[in-house]
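Single-structure report; data block below.
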Amino acid sequence: MLEVGIKGHQEITVTDELTAKTMGSGVMDVFATPAMLALMEKTAFMSVADHLNEGCGTVGTHVELDHVASSPIGMKITCDSELTAIEGRKLVFKVEAYDSKGLIGKGIHERFIIESEKFQEKTDRKLEK
């Protein structure tokens with residue numbers, strides 16, 4: 001059952017594939033903002049996945065994000081999420097990412113509960129003439 005306060009946690013290590021240089025979001029060998037966002041989304045969606053009805057999932061719909069510090073290749077990154085509001089099918093999460101030196105990013109992430117099969121079918125119809 002979904003309820004405010006559900007928390008999530010994920011960890012990764014910065015690799016060359018996760019740098020701004022490799023991801024095309026900059027020229028530095030530092031943890032890329034798109035990689036941090038992906039980690040935040042994963043942390044949020046994984047935190048509620050087991051609390052949803054059979055056949056349901058969530059999709060990201062909105063992000064407010066501050067990337068406040070850089071992290072080098074080899075550094076461990078942790079991400080924490082907390083479900084702060086449930087508004088019908090809309091779920092609102094507080095997300096934060098840290099490296100071993102402290103906070104590197106924070107934000108608000110919104111996701112919507114969807115019926116997975118129905119959502120995929122509707123999306124796939126965009127390819128039809």
Taking 0.36 nm per residue of separation between Lys122 and Asp29 and subtracting their Cα-Cα distance, the length gained on full extension comes to 29.6 nm
Looking at the chain, how many pairs of lysines come closer than 14 Å at the Cα, when each pair is eight or more places apart or spans two chains?
6
FRET efficiency for Lys42 and Lys129, using Cβ-Cβ distance with R0 set to 41 Å, rounded to 0.05
0.75
Translational D in µm²/s for the chain (Stokes-Einstein at 25 °C, 0.890 mPa s, Kirkwood Rh from C-alpha pairs):
157 µm²/s
First check a/c for the range 11-86, with a ≥ b ≥ c the square roots of the eigenvalues of its C-alpha gyration tensor; if it is under 1.5, answer rounded, and if not, answer prolate when a/b is larger than b/c or oblate otherwise.
prolate
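Which longest run of the chain has no exposed loop site in it, a site being GluC sites (Glu not before Pro) in a DSSP loop with at most 12 other beta carbons within 10 Å, and the site itself not part of the run?
On the way: sites that count: Glu3, Glu54, Glu128.
Between the exposed loop sites, the longest stretch runs 55-127.
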With a 1.4 Å probe and every protein chain left in place, tell me how much accessible area His9 has, in Å² to the nearest 10.
90 Å²
Net charge contributed by nearby residues that have their C-beta within less than 10 Å of Thr78 (K/R +1, D/E -1):
-3
What full-extension length gain, to one decimal in nm, is calculated for Glu115 and Val63 as 0.36 nm per residue of separation minus the Cα-Cα distance?
16.6 nm
Return one number: the angle in degrees, 0 to 90 and rounded to the nearest 10, between the long axis of the Cα atoms of helix 33-49 and the longest principal axis of the Cα atoms of the chain.
40 degrees
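The values are calculated or read from the model by the stated rules, or taken from the named source; none is laboratory data. The structure displayed is predicted, hence computed values, not measured ones. All Cβ positions, glycine included, derive from the backbone under ideal geometry; neighbour counts span all protein chains shown. Ligands, DNA and RNA are stripped out before the accessible areas are found, and what is left, the full protein with its side chains, is counted by its heavy atoms. Shrake-Rupley method; radii C 1.70, N 1.55, O 1.52, S 1.80 Å.
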